[in-house]
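Here the structure is laid out as structure tokens; the discussion comes afterwards.
No value in this document is a laboratory result; all are computed from the given coordinates. The shown structure was predicted, so the numbers you read here are calculated from the model rather than taken from an experiment. For neighbour counting, all protein chains shown are included, and Cβ atoms are generated from backbone atoms with ideal geometry for every residue, glycine included.
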Amino acid sequence: MLPYILLTILVLQGIYAGPEEEHGVKYASKCEVCKVLALELESRLNETGKSHDVLELGYSLDDVAPKKKKEYRKSELRLVESLENVCERILQYNVHKERHDSTRFAKGMSQTFQTLHGLVDKGVKVDLGIPYELWDSPSAEITDMKTKCEDLLENYETDIEVWYYLSPEEKPSLGTYLCAERALSNEDASCLREKGDVGALKIEGDKPKKKEQNDKMKKKKSEKKAKANKQEL
């Protein structure tokens, strides 16, 4: 008879405070959600930014008048396509319960489940209280993070558009612009600097007062210019 091992989620995942966390469930904070959104959107923009396509904009009845041309990588279409389903990418993540900071949200199988799958492969019966075929399905924490990502994206979509149209030399990282300076401006943003499999977000540090004031003025001008660039499309 095969050895029988009863492993409960509470034992495997550690003991947390709070009614839901008593069952090993620890939902993502706003900082963690914004961090993952910024990482995934910048990653998606890097992917779409490799295209050298040129778009032809506008139309004419006689097809004689020349159409306006726009590089895809500078177009609104690129932003729209990059934003589309960006929060769906979170479903590729898993919760790594052996970690205790924001790096617990990462792609790839956690050490815990690697061990459990290894036991099953050796013929050990492991009971987690859920069918084996559901072991690798998105957890409650991941589906909750996806929903929070969608809410965050809806609330800050205009800010992301303004950031997108900033000139490269005036554009801070998305983690700085969206998370540190806006979504988390009055909240705990410490998770942004925690390094995981993909590293910490690039967050611009504190600056001297006079330089900070000058930068704010430059940023306002840049944002106005970005909005003007968008209106030209």
> Order of K30, K146, K50, K202 from fewest to most other C-beta atoms within 10 Å?
Replying inline: K50, K202, K30, K146
>> Output wanted: per-residue J couplings in Hz (rounded whole) for the stretch 164-169, from phi through Karplus 6.51 cos²θ - 1.76 cosθ + 1.60, θ = phi - 60°, x for Gly and Pro.
In response: 4, 8, 5, 5, x, 6
> Sorted from fewest to most neighbouring beta carbons within 10 Å, what does the list K26, K35 look like?
Replying inline: K26, K35
> Check K107: other-chain or 5+ apart residues with amide H under 5 Å from its amide H, H built from backbone geometry?
Replying inline: N94
>> Strictly over 21 Å apart at the Cα level, which of K50/K146; K50/K195; K50/K74; K35/K171; K107/K202 would you flag in this model?
In response: K50/K146; K50/K195
> Roughly speaking, what is the stretch gain from S51 to K107, that is 0.36 nm per residue apart minus the C-alpha to C-alpha distance, in nm to one decimal?
Replying inline: 17.6 nm
